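I have placed the structure first, in the form of structure tokens, so that the comments after it can refer back to it.
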Amino acid sequence: MTPREHTPSAAQLRRSAYRRRQSVHSVLIAAFSTAALGTLLVVAVTGAPGWDRVRRSFLDPEIGADALPAVLDGLWLNVRLLVCCAAGALLLGLVIAVLRTLRGPVFFPVRALAAGYTYTFRGLPLIIVLYLLTLGVPGLRLQGMPSVLVLGGLALVLTYGGYLAEVFRAGIESVHPSQLAAARSLGLTYRQTMRHVVLPQAVRRVAPPLLNDVVALQKDVGLVSLAGPIDAVRAAQIATAQSFNYTPYVVAGVLFVLLAIPLIAVTDWVTLRSARRQSGG
Amino acid sequence: MALLRCRGLRKEFAGQVVLDRLDLTVDEHRVVALIGASGSGKSTLLRCVNLLEEVDDGTIELDGEDISDPRVDADRVRRRIGMVFQAYNLFPHLSVLDNITLAPRRVHRRARAEAEAQARDLLDRVGLGAKAHAFPDGLSGGQQQRVAIVRALANSPRLMLLDEVTSALDPELVGEVLTMIRDLKADGMTMVLATHEMGFAREVADEVCFLDAGRVVESGPPEQVLGEPTQARTRQFLRRIIEAGRL
Ligand SMILES: Nc1ncnc2c1ncn2[C@@H]1O[C@H](COP(=O)(O)OP(=O)(O)O)[C@@H](O)[C@H]1O
Ligand SMILES: [Mg+2]
């Protein structure tokens with residue numbers, strides 16, 4: 001089928017022209033107000049009495065360039081930790097959330113353990129978990145003890161797994177019981193119902209908050225440096241101590257933001273898409 | 001031979017008796033219509049038969065097997081019973097084809113190609129062949145409900161339970177779903193259907209059961225129950241239906 005040729009009416013042409021004029025206006029106004037605000041900010045900051053001192057100690061290009069390799073080295077550790085810990089925490093959270101939905105007396109201990117886990121690790125500050133695992137556990141002097149880095153990663157996975165489990169659980173509970181009834185009426189077992197009907201819908205619905213927690217994790221992975229391994233922030237701290245200049249911190253901060261941008265963009269995109277799906281459905 | 005035999009069913013929800021010493025027998029290839037006011041227990045009865053609810057007393061036999069025995073494998077029983085819901089309950093994240101092939105593939109372990117060929121065949125027969133790759137929210141209510149019926153049929157059930165399958169539909173979409181049920185009857189499918197469509201019940205049902213407060217108050221051939229009811233409560237119910245313009 002091809003749509004019939006359509007000639008817009010005079011009224012429609014007038015409306016279109018008006019809308020075009022309006023959008024040109026909007027762009028001009030936005031550009032002007034942005035330029036005005038930007039100029040104001042630059043003048044205020046660079047005109048401040050201490051600006052020269054601040055520029056020397058925070059924005060020294062030479063010191064920044066010197067610190068960059070070490071900070072980048074540290075950032076590589078952040079990236080690797082983020083990927084491993086995010087995968088681990090998502091998996092752990094999902095498993096815990098599913099275990100908490102199991103019904104029946106046989107599963108009581110499993111349910112209780114899973115619930116106890118989420119209560120404990122959501123309440124416990126990350127730093128304490130980190131110290132307990134990286135300083136306490138090696139103190140046991142057991143055979144085949146994993147490295148401090150692995151233990152630190154484990155602390156992150158345990159802590160974030162607790163948060164993510166709650167997000168997954170909210171998603172599972174948001175799936176309407178009639179979906180379960182439909183799946184069970186087709187003869188699907190509980191496991192099959194979870195795997196093919198409930199979890200796909202639940203995960204789609206909570207994808208935005210899940211990704212949000214991954215963005216938060218990205219900032220927290222650096223805390224393993226408290227136990228020794230050198231991440232980007234720790235590398236910047238060392239460089240700062242050597243040069244008596246804060247520029248390395250600024251370098252690390254910029255790199256962190258650059259690293260976060262793709263992840264945040266994906267989060268925004270997923271959030272927007274799921275909002276559209278819900279209102280469009 | 002009786003395919004389904006319910007004896008003395010009782011079901012309570014928090015002290016409220018919803019099914020009360022209810023008896024129902026459905027012979028093979030027969031269609032039984034359940035009528036009755038909202039809240040009289042029609043949906044609950046269907047859900048109990050499909051073991052989605054546990055009965056508090058009485059027995060349910062399917063093909064002579066007591067399926068209300070807690071030792072029976074409920075998943076295995078449900079594979080022999082198809083159920084269609086008032087609100088369609090299609091899986092929104094799956095395409096029409098995947099909705100239909102989910103149970104054949106996962107429950108009956110059929111190969112994907114074989115399951116899809118069967119699904120396409122069923123869809124073609126109800127004129128929905130072009131919608132195989134659509135998602136539920138892109139279909140009209142009538143189309144969704146027909147897909148839901150096809151999904152239940154893909155399990156090759158012995159018995160179909162239909163719970164007010166046209167109640168959520170716009171009037172002009174009711175016909176296409178009723179046509180499908182008529183065809184099922186012509187194919188010899190055994191069905192229990194809860195309905196508010198008295199005209200349709202009269203046409204398609206071999207037996208009509210009037211439920212009131214969880215009991216079968218009156219049952220028999222449609223001409224008798226709908227035409228010359230003997231019970232005062234049946235007459236009262238039918239009068240209200242007529243006043244609402246639905247007969
Ligand atoms: N899950 C439930 N929990 C509590 N009460 C319920 C539940 N399901 C049904 N009921 C009650 O059981 C009665 C019968 O409901 P239902 O079987 O849905 O009637 P019908 O389908 O004939 O309209 C109603 O009073 C309803 O409120
Ligand atoms: Mg009902």
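The values are calculated or read from the model by the stated rules, or taken from the named source; none is laboratory data. Only a predicted model underlies this, so the values are computations on that prediction, with no experimental measurement involved. Note that we place each Cβ from the backbone using ideal geometry, even for glycine, and neighbour counts take in every protein chain shown. Remember, those area values only see protein heavy atoms, side chains included, never the ligands or the DNA or RNA. Shrake-Rupley method; radii C 1.70, N 1.55, O 1.52, S 1.80 Å.
Which aspartates and glutamates does residue B:131 reach when only Cα atoms under 18 Å apart count, and residues fewer than 8 places away in its own chain are ignored? Of all the aspartates and glutamates, those that pass the test against residue B:131 - Cα under 18 Å, at least 8 places apart if same chain - are B:98, B:116, B:121, B:176. Between amide H atoms placed 1.01 Å from N, distances below 5 Å from residue B:190 occur with B:29, B:160, all of them 5 or more places distant or on a separate chain. Expressed as a whole percent, the accessible surface of chain B that belongs to carbon and sulfur atoms is 45, based on a 1.4 Å probe. A straight line joining the Cα centroids of the range A:1-46 and the range A:179-196 runs 51 Å. Partner shielding of A:196-205 amounts to 3, given as the average count of beta-carbon atoms from other chains within 10 Å of each residue beta-carbon. Students often forget the sequence filter, so: which lysines lie under 28 Å Cα-Cα from residue B:42 once same-chain residues fewer than 8 apart are removed? Residue B:42 reaches B:11, B:185.
Across chain B, the relative contact order, built from alpha-carbon pairs under 8 Å that are at least six residues apart, equals 26 percent. With q set to 0.12, 0.17, 0.23 Å⁻¹, the log10 of I(q)/I(0) for the range B:1-118, from the Debye formula over equal scatterers at the Cα positions, is -0.54, -0.97, -1.32. Using a probe of 1.4 Å on the protein chains alone, the accessible area found for residue B:53 is around 40 Å².
Taking only protein heavy atoms and a 1.4 Å probe, the accessible area of the range A:60-280 is 69% carbon and sulfur. Between residue A:42 and residue A:135, the distance separating the two model label sites (each 7 Å from Cα on the Cα→Cβ line) works out to 4.8 nm. Rounded to the nearest 0.05, the FRET efficiency derived from the C-beta distance between residue B:65 and residue B:13 at R0 = 35 Å is 0.85. Each part reduced to its alpha carbon centroid, the range B:199-238 and the range B:1-46 end up 14 Å apart. Measuring nothing but how far apart in sequence close Cα pairs (under 8 Å, 6+ apart) lie, relative to its length, chain A scores a relative contact order of 27 percent. For residue A:219, the accessible surface of its heavy atoms amounts to roughly 140 Å² (probe 1.4 Å, protein chains only, rounded to the nearest 10).
Taking Cα centre as origin and charging only the Cβ of basic (Lys, Arg, +1) and acidic (Asp, Glu, -1) residues, the dipole magnitude of the range A:60-280 rounds to 1380 debye. Sorting B:215, B:151, B:125 by solvent-accessible area of protein heavy atoms yields B:125, B:215, B:151, largest first, with a 1.4 Å probe. Globularity index of chain B is 1.01 (Cα radius of gyration / 2.2 N^0.38 Å, N = number of residues). When all protein chains stay in place and ligands, DNA and RNA are ignored, the 1.4 Å accessible-area order of A:174, B:95, largest first, is A:174, B:95. Of the residues A:13, A:94, A:151, the one that moves most in a GNM of chain A with alpha-carbon contacts below 10 Å is A:13.
Given in Å, the Rg to one decimal and the Dmax to the nearest whole number for the Cα atoms of the range B:77-189 are 13.0, 39.
Across every direction, the projection of the convex hull enclosing the Cα atoms of the range B:101-147 has a mean area of 3.3 nm². Counts of other chain beta carbons within 10 angstrom of each beta carbon in peptide B:145-158 average 1. Note that the protein assembly as shown presents 53 Å² accessible area per residue, ligands and nucleic acids not counted, probe 1.4 Å.
Of the listed peptides B:160-166, A:175-181, A:64-70, A:21-27, what is their order by residue-averaged count of other C-beta atoms within 10 Å, with the highest listed first?
Numbers: B:160-166: 23.7, A:175-181: 15.6, A:64-70: 17.1, A:21-27: 9.7.
By packing density, highest mean first, the sequence is B:160-166, A:64-70, A:175-181, A:21-27.
Net charge around residue A:74, counting only other residues with Cβ within less than 12 Å of its Cβ (Lys, Arg = +1; Asp, Glu = -1)?
0
Convex hull over the alpha-carbon atoms of the protein assembly as shown: what's its volume per residue in Å³?
So the per-residue hull volume is 266 Å³.
Across the range A:114-218, the fraction of Cα-Cα pairs farther apart than 25 Å, rounded to a whole number, is 40%. Surface burial for B against A, with a 1.4 Å probe and both sides summed, reaches about 1800 Å² of accessible area. Considering the options A:239, A:270, A:139, tell which one lies farthest towards the positive end of the dipole of the range A:60-280, charges being +1 on Lys and Arg and -1 on Asp and Glu at the Cβ, about the Cα centre. It is A:270. The shape of chain A comes out oblate: with a ≥ b ≥ c from the C-alpha gyration tensor, a/c is at least 1.5 while a/b does not beat b/c. Taking the DSSP beta bridges with both ends in chain B, the antiparallel portion is around 55 percent. Bridge orientation summary for the protein assembly as shown: considering DSSP beta bridges with both residues in this region, about 55 percent are antiparallel.
Over all residues in B:102-112, what is the mean tally of Cβ atoms on other chains that come within 10 Å of each residue's Cβ? Mind showing how you got there, number by number?
Numbers: counts 7, 7, 2, 1, 10, 5, 1, 0, 0, 0, 0.
Average neighbour count from other chains, rounded to a whole number: 3.
Label separation (residue A:91 vs residue B:134): 4.1 nm, computed from points 7 Å beyond Cα along the C-beta direction.
Among A:33-44, B:13-24, the peptide with the highest mean count of other Cβ atoms within 10 Å heads the list, and the full ranking is B:13-24, A:33-44.
Provide A:154, B:45 ordered by accessible surface of protein heavy atoms (probe 1.4 Å), highest first.
The most accessible residue leads, giving A:154, B:45.
Most fluctuating residue of A:56, A:234, A:15 in a GNM of chain A with Cα springs under 10 Å: which is it? Looking only at A:56, A:234, A:15, the largest GNM fluctuation is found for A:15. Most tightly packed first, judged by the mean number of other beta-carbon atoms within 10 Å of their residues, the peptides A:194-202, A:268-276 read A:194-202, A:268-276.
Classified by the C-alpha gyration tensor, the range A:131-281 has an oblate form. Its axis ratio a/c, with a ≥ b ≥ c, is 1.5 or above, and a/b does not exceed b/c.
The convex hull defined by the C-alpha atoms of the range A:211-281 has an orientation-averaged projected area of 5.4 nm².
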